[in-house]
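Q: Could you have a look at this structure, given as structure tokens, before my questions?
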Amino acid sequence: VQLQASGGGLVQAGGSLRLSCAASEPTFRNYNMGWFRQAPGKEREFVAVIRWAGGITDYADSVKGRFTISRDDTKNIVYLQMNSLKPEDTAVYYCAAEDGGSWFPFRQDEYDFWGQGTQVTVSS
């Protein structure tokens, strides 16, 4: 599975961005999809996940109420809508795919495929 993330950029605090992750896999609908991020000098961390069946979602506490993950299985795309952005959201954001073996994959090592990352910079 090849994943292509896009939509990053520079935004002021309080602004919004929508990230997209396009998948090459025709059975995309069978994959759990996640977003992770890595800030400078920090380890990569979980942001959000959406299950392959039913679209159940979960989020890191730091983004709950501000970020929304969604998917369009007809287009093989997963989105991350980011609102009320804060400077601490500045990071490289990665999308990832897990082949459905995990109920709710939160850990990086559960994921099978990764996109190349897209930079999000939030200015104060």
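Q: Restricting to region 5-34, name every residue that is open to solvent by 50 Å² or more (accessible area, probe 1.4 Å) and touching a Ser or Thr at 6+ places or on another chain (Cβ under 8 Å).
A: Within region 5-34, Ser6, Leu10, Gln12, Ala13, Gly14, Ser16 qualify.
Q: Further question: Against the conditions (1) farther than 20 Å from Ser6 by Cα; (2) at pLDDT below 95; (3) over 15 Å from the mean Cα position of the chain (by Cα), where does Ile56 fall short? Just the number, please.
A: (3)
Q: Taking the conditions exactly as written (of a type outside the set (Asp, Glu), open to solvent by less than 70 Å² (accessible area, probe 1.4 Å) and part of a strand (DSSP E or B)), does Ala53 satisfy them or not?
A: Considered against the rule, which asks whether it is of a type outside the set (Asp, Glu), open to solvent by less than 70 Å² (accessible area, probe 1.4 Å) and part of a strand (DSSP E or B), Ala53 comes out as no.
Q: Quick check on my filter: what residues within region 1-22 are under 18 Å from Gln108 (Cα atoms), at pLDDT 95 or above and not polar (S, T, N, Q)?
A: Leu3, Ala5, Cys21
Q: Ok, one more. If only one of Leu85, Leu80 is more than 12 Å from the chain's Cα centre (by Cα), outside any helix (DSSP H, G or I), modelled with pLDDT of 95 or more and not aromatic (Phe, Trp, Tyr), which one is it?
A: One residue alone meets the criteria, Leu85.
The values are calculated or read from the model by the stated rules, or taken from the named source; none is laboratory data. Keep in mind that what you see is a predicted model, and the values were worked out from it rather than measured. Positions of Cβ are backbone-derived with ideal geometry, glycine not excepted, and every protein chain shown enters the neighbour counts. Only protein heavy atoms, including side chains, enter the accessible area calculation; ligands, DNA and RNA are left aside. Shrake-Rupley method; radii C 1.70, N 1.55, O 1.52, S 1.80 Å.
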